[in-house]
Amino acid sequence: MFRTQAAFCQSVIDLHCDSVKFLSEGVDLLARNKAGHVDLPRLRAGGVGVQVFAAFVSASLPADRAFSTALALLDRIDAFAESSAYLVSARTAAECREAIASGKTGILRSVENGSAIEDSLANLEALSRRGVRILTLVHSRHTAWAASCTDYSVFSFGKPSGEPSFRGGGLSAFGKDVVAAMNSLGMIIDLSHAAEIAFWDVINLSKRPVIASHSCAYSLCAAARNLKDEQIKALAGAGGLVGVCFFPAFLSEAYRLAFESDCGDIFSEISFIEKKYTGSPALHAEYSRLDSRLASRLSRVRVPLSAVADHIDYIVSLGGEDCVALGSDFDGVFSLPEGMGGCDVYPAIEKELKKRGYSEKSLAKIFRENFLRVLAEHDGPAP
Ligand SMILES: [Zn+2]
């Protein structure tokens with residue numbers, strides 16, 4: 001009943017994976033999943049004490065199906081958490097600690113994309129009652145109330161007239177209500193995917209610490225999804241954190257440049273298949289086909305595992321060791337650094353960080369304690 005911890009000292013909390021797509025397809029994640037990054041054998045081999053499972057709601061899904069989709073995915077996550085004696089549902093910091101202490105892997109729920117609430121605070125409350133502890137405010141496109149960092153269209157915030165509902169902000173008036181409601185519900189606001197303008201609105205409004213669950217440092221790799229120095233300092237200053245993501249296009253500038261310059265034809269195919277297959281079971285197979293093409297085209301750009309440690313070092317240098325965590329994005333990305341196959345990678349990351357002089361205490365913070373601190377600050381009553 002215990003995780004394999006032979007060569008491994010630290011239990012890990014990973015803040016983001018998209019493995020729910022496999023659960024939706026009926027793939028058995030209790031056995032080794034050759035097509036993906038996360039499964040029970042590797043969660044145990046990697047020392048993963050808590051894995052956050054994101055119920056991911058695609059920005060291309062019709063708006064009136066977003067909430068029901070999120071609920072259906074949460075059902076899948078619940079069923080997975082109950083499917084093995086080695087797994088357990090974890091909602092609070094105390095439950096995460098219990099999971100870790102008992103040698104099980106706790107499953108903590110998040111929802112990726114605020115579109116899931118369909119512009120309703122009642123739906124937000126329903127997700128909270130359902131055990132969702134983290135909501136990523138936006139994904140690849142603006143919602144009606146929050147701006148995305150990868151949507152370059154005008155910030156019209158869903159006004160049918162195309163008139164901006166306000167000027168100079170990243171959240172609509174309703175978006176600000178969402179921030180206040182999440183603060184009072186004790187749901188962690190996740191700013192990965194948020195536009196800078198929305199990021200600063202949230203930093204100025206939120207009364208509890210906020211996170212970027214799966215992002216890296218923009219100064220090392222200028223991807224729109226990464227955080228600029230001032231953003232990292234602001235997250236740290238507010239008691240929040242960055243979960244470092246393992247996607248090579250966010251870790252390595254050379255990989256990002258090759259990705260953006262050499263893959264335009266595949267990107268247009270992606271928007272085509274999203275239009276054609278969103279909501280259809282064939283979508284994942286179509287994505288996988290394009291993912292393999294992307295991965296093979298970019299395989300010449302080598303990104304070492306140590307790139308993860310480079311981003312951790314850099315974020316620590318700006319905000320201190322209390323503001324860094326891990327947010328793999330396993331099963332949400334088409335490639336990983338060299339030597340990384342999935343969620344059994346953490347002993348190798350620990351080894352790399354030890355080589356760089358991190359103490360056991362610092363590693364414990366990065367691997368789990370920083371997130372447990374933020375989660376605990378959301379377990380109590382609103383400030
Ligand atoms: Zn994401």
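Count charges around SER292 for me, please; just the other residues with Cβ under 14 Å from its Cβ, Lys/Arg as +1, Asp/Glu as -1.
With Lys, Arg at +1 and Asp, Glu at -1, the net is +1.
Projected onto the charge dipole of segment 187-269 (+1 at Lys/Arg Cβ, -1 at Asp/Glu Cβ, origin at the Cα centre), which of CYS245, PHE267, TRP200 gives the Cα projection farthest towards the positive end?
TRP200
Apply 1/(1 + (r/R0)^6) to the Cβ-Cβ distance of ARG300 and ALA63, taking R0 = 51 Å, and write down the FRET efficiency to the nearest 0.05. Present the calculation step by step, with values, prior to reporting the outcome.
On the way: r = 40 Å, r/R0 = 0.79.
Efficiency for this residue pair is about 0.80.
At a threshold of 8 angstrom on Cα-Cα distance, excluding pairs fewer than six apart, so keeping six or more, what relative contact order does segment 194-249 reach in percent? Please list the in-between numbers first.
Numbers: 65 pairs, mean separation 22.4, N = 56.
Relative contact order here is 40 percent.
Could you check what % of the DSSP bridge pairs in the chain are antiparallel, to the nearest 5?
5 percent
Show that you can apply the helix-only estimate: for the chain, add -39,500 (n - 2.57) for every DSSP H stretch of four or more residues, divide by all residues, and state [θ] at 222 nm to the nearest 500.
On the way: 16 runs with 159 residues, N = 383.
About -12000 deg cm²/dmol.
What is the projected area of the convex hull of the Cα atoms of segment 232-283, averaged over all directions, in nm²? Working shown, then result.
On the way: hull surface 23.9 nm².
Over all viewing directions, segment 232-283 projects a mean Cα-hull area of 6.0 nm².
When a footprinting reagent is the concern and you count Cβ atoms within 10 Å, what order do SER68, SER89 take, fewest first?
Listed from fewest to most nearby Cβ atoms, that is SER68, SER89.
Name the residue, out of PHE272, PHE259, PHE246, whose mean-square fluctuation peaks in a Gaussian network model built on the chain with Cα pairs under 10 Å.
In this elastic network of the chain, the residue with the biggest mean-square fluctuation among PHE272, PHE259, PHE246 is PHE272.
Express in whole angstrom the spacing between the alpha-carbon centres of segment 39-77 and segment 351-369.
28 Å
Which value results when the Cα radius of gyration for segment 7-59 is divided by 2.2 N^0.38 Å?
Output field value: 1.19.
How many angstrom lie between the Cα centre of segment 211-280 and the Cα centre of segment 291-317?
So the two Cα centres are separated by 12 Å.
Please report LEU23, LEU87 as a ranked list, fewest other C-beta atoms within 10 angstrom at the top and most at the bottom.
Arranged by neighbour count, lowest to highest, LEU23, LEU87 become LEU23, LEU87.
Given labels modelled 7 Å from the Cα in the Cβ direction, how far is it in nm from GLU338 to SER102?
4.2 nm
SER84 versus ILE270, label points 7 Å from Cα toward the beta carbon: distance in nm?
Taking the simple label geometry, SER84 and ILE270 are separated by 3.0 nm.
As an exercise, take the mean of 1/r over every pair of distinct alpha carbons in segment 75-119, invert it, and state the Kirkwood radius in angstroms.
Numbers: mean 1/r = 0.0871 Å⁻¹.
It is 11.5 Å.
Once you place label points 7 Å from the Cα toward the Cβ at GLU360 and LEU30, how far apart are they in nm?
Those two pseudo-labels are separated by 3.5 nm.
Restricted to Cα positions, what overall size does the chain have along the principal axes? Three whole-Å values, descending.
61, 49, 41
A short reminder: the numbers here are calculations on the coordinates, not readings from a lab. Everything numeric here is computed off the predicted structure, so don't read it as measured data. No Cβ is skipped: glycine too gets one built from the backbone with ideal geometry, and neighbour counts run over all protein chains shown.
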